[in-house]
Amino acid sequence: MEISMKPLFSDIGLYLKSFQLFLERSTEHQCIKRFIGENLPDVVTSIGKKGASCLNVLGVGSGSGQVDFEMLGKIQSQHPGLYIHNEVVELNPQQISKYKELVKEKGQGLNISFAWNQMSLEEYVKQNKERKESKKFDFIHMIEVLYFVESIHDTIKYFHSLLETNGKLLIIHTADDSGFHSLWEKVISRLPNNHLFSEIYKTLEEMRMKYQIYKLSSDMDITECFIERNENGERLLDFLTQIVHFSKTAPADLKDEVLHYLRQLQCSREENGKIIFNNNLHAVIVEC
Ligand SMILES: C[S@@+](CC[C@H](N)C(=O)[O-])C[C@H]1O[C@@H](n2cnc3c(N)ncnc32)[C@H](O)[C@@H]1O
């Protein structure tokens with residue numbers, strides 16, 4: 001990566017603003033919620049040890065909890081009467097505060113307890129290893145978080161080892177036919193490594209894990225990226241490239257290359273005068 005460019009995640013305030021705008025301009029959460037409504041019920045019916053009175057759930061990189069909350073509701077409806085203990089590992093304190101607000105607002109009367117770990121997943125792993133005891137979980141999810149980890153292989157291996165009998169691990173990540181995948185592959189040597197989906201499959205195959213893939217279609221309106229000095233467009237470009245102030249810090253040739261490539265069929269299509277980026281995702285359910 002060129003020295004002048006900084007990874008977006010190094011500026012958490014900017015990262016969260018870009019992520020929020022990405023959610024507003026994309027069908028990201030809608031398509032994940034559709035997966036939760038249509039596919040998750042079947043996936044979670046078999047979790048839980050025989051005769052257990054409680055299900056243990058772990059969310060890794062939960063953000064502000066909107067997706068997690070939806071999943072907890074589905075798990076509960078598949079296991080009526082069972083108590084759920086939900087642990088959260090989330091690096092960012094602002095996100096944890098938002099999640100707690102959501103629980104206060106919508107969690108009344110639910111048979112769910114929450115434990116908050118405001119730390120990186122790497123720190124969580126380290127603390128578990130130091131204590132020489134690791135709690136087991138019936139359902140663990142890592143949604144759109146593997147981009148930020150030091151090692152995809154070690155992260156999947158460790159969290160998979162925390163699965164209880166009948167437990168399942170859910171990973172949601174950008175798909176290999178998405179515009180993100182094409183863009184990052186095309187300019188990968190000049191952008192930070194964003195951990196392409198293939199690395200996840202490589203790990204699952206190497207470890208001979210049993211898994212099932214669900215393909216989720218999602219779009220993102222990136223029309224504003226092509227309007228000169230448009231603030232939202234610049235913020236979306238930061239998110240697409242995962243670079244702080246990409247428009248201002250990238251060398252002119254790289255900016256031109258990215259803007260040109262974003263309009264190509266590998267990334268987008270034109271619809272009613274808008275440029276619609278392919279934000280397809282894969283949801284992977286890994287068995288214990
Ligand atoms: C793209 S957001 C996804 C949030 C949520 N899962 C969703 O889909 O809406 C990634 C989240 O992972 C958190 N995160 C990033 N790196 C992390 C790490 N090493 N350990 C724990 N959380 C991390 C970020 O703070 C952020 O809230």
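The values are calculated or read from the model by the stated rules, or taken from the named source; none is laboratory data. All figures in this text were calculated on a predicted structure; none of them were measured in a lab. Positions of Cβ are backbone-derived with ideal geometry, glycine not excepted, and every protein chain shown enters the neighbour counts. These accessible areas exclude ligands, DNA and RNA; they are computed on the full protein's heavy atoms, side chains included. Shrake-Rupley method; radii C 1.70, N 1.55, O 1.52, S 1.80 Å.
For the stretch 102-118, how many residues meet the condition of being of a type outside the set (A, V, I, L, M), assigned to a helix (DSSP H, G or I) and within 15 Å of the ligand (Cβ to nearest atom)? It would help to see each step written out before you state the result.
So in the stretch 102-118, the residues of a type outside the set (A, V, I, L, M) come out as 104-109, 111, 113-114, 116-118.
Keeping just the survivors that are assigned to a helix (DSSP H, G or I) gives 104-106.
Still in the list and also within 15 Å of the ligand (Cβ to nearest atom): none.
So the count comes out to 0.
Among the listed residues ASP256, ASP238, identify the single one that is charged (D, E, K, R) and in contact (Cβ under 8 Å) with a residue 12 or more places away in the chain. Give the steps one after another, and end with the answer.
On the way: ASP256 fails: in contact (Cβ under 8 Å) with a residue 12 or more places away in the chain.
The unique qualifying residue is ASP238.
Residues in the stretch 4-15: is at least one part of a strand (DSSP E or B) and surrounded by fewer than 17 Cβ atoms within 10 Å (Cβ to Cβ)? Please lay out each step first, then the result.
So the first thing to find is which residues in the stretch 4-15 are part of a strand (DSSP E or B), and the list is 7.
When the remaining residues are screened for being surrounded by fewer than 17 Cβ atoms within 10 Å (Cβ to Cβ), the result is none.
Within the stretch 4-15, none of the residues are part of a strand (DSSP E or B) and surrounded by fewer than 17 Cβ atoms within 10 Å (Cβ to Cβ).
Considering GLN78, GLN94, which residue is open to solvent by 10 Å² or more (accessible area, probe 1.4 Å), out of contact with any Leu (no Cβ under 8 Å at 6 or more places or on another chain) and not charged (D, E, K, R)?
Details: GLN94 fails: out of contact with any Leu (no Cβ under 8 Å at 6 or more places or on another chain).
Criteria check complete, one pass: GLN78.
I need the strands (runs of 3 or more DSSP E) fully contained in the stretch 141-248, keeping only those with at least 3 residues that are open to solvent by 10 Å² or more (accessible area, probe 1.4 Å) and closer than 24 Å to LYS33 by Cα.
Filter on the stretch 141-248 gives 163-174, 211-216.
Just checking, which of SER46, SER10, SER26, SER4 is closer than 22 Å to GLN118 by Cβ and not β-branched (Val, Ile, Thr)? First the steps, then the outcome.
Details: SER46 fails: closer than 22 Å to GLN118 by Cβ; SER26 fails: closer than 22 Å to GLN118 by Cβ; SER4 fails: closer than 22 Å to GLN118 by Cβ.
Criteria check complete, one pass: SER10.
With the requirement that a residue be more than 11 Å from the ligand (Cβ to nearest atom) and loosely packed, with under 15 Cβ neighbours inside 10 Å, what does the stretch 18-33 give you?
The answer is GLU24, GLN30.
Just need a number here: residues in the stretch 119-150 that are over 17 Å from the mean Cα position of the chain (by Cα) and within 9 Å of the ligand (Cβ to nearest atom). Even if it seems obvious, please write down each step before you answer.
Taking the stretch 119-150 first, the residues over 17 Å from the mean Cα position of the chain (by Cα) are 123-138.
Those left that are additionally within 9 Å of the ligand (Cβ to nearest atom): 123-124.
Residues meeting the conditions: 2.
Tell me which of these ASN56 doesn't satisfy, since it passes every other one: (1) open to solvent by 20 Å² or more (accessible area, probe 1.4 Å); (2) within 12 Å of the ligand (Cβ to nearest atom); (3) touching a residue at least 60 places away in the same chain (Cβ under 8 Å).
So the condition that ASN56 fails would be (2).
With respect to GLU122, is the statement that it is part of a strand (DSSP E or B) and either among the aliphatic types (A, V, I, L, M) or within 26 Å of GLU199 (Cα to Cα) (or both) true? Steps first, answer last, please.
Working: part of a strand (DSSP E or B): no; either among the aliphatic types (A, V, I, L, M) or within 26 Å of GLU199 (Cα to Cα) (or both): yes.
Considered against the rule, which asks whether it is part of a strand (DSSP E or B) and either among the aliphatic types (A, V, I, L, M) or within 26 Å of GLU199 (Cα to Cα) (or both), GLU122 comes out as no.
Would you confirm whether or not the stretch 267-288 contains a residue that is touching a Ser or Thr at 6+ places or on another chain (Cβ under 8 Å), over 30 Å from VAL43 (Cα atoms), modelled with pLDDT under 95 and part of a strand (DSSP E or B)?
There is no residue in the stretch 267-288 that is touching a Ser or Thr at 6+ places or on another chain (Cβ under 8 Å), over 30 Å from VAL43 (Cα atoms), modelled with pLDDT under 95 and part of a strand (DSSP E or B).
For the stretch 23-32, which positions are within 19 Å of ALA283 (Cα to Cα), assigned to a helix (DSSP H, G or I) and over 13 Å from the mean Cα position of the chain (by Cα)?
Of the stretch 23-32, the ones within 19 Å of ALA283 (Cα to Cα) are 23, 26-32.
Retained after the next criterion (residues that are assigned to a helix (DSSP H, G or I)): 23, 28-32.
GLN30, the sole residue that qualifies.
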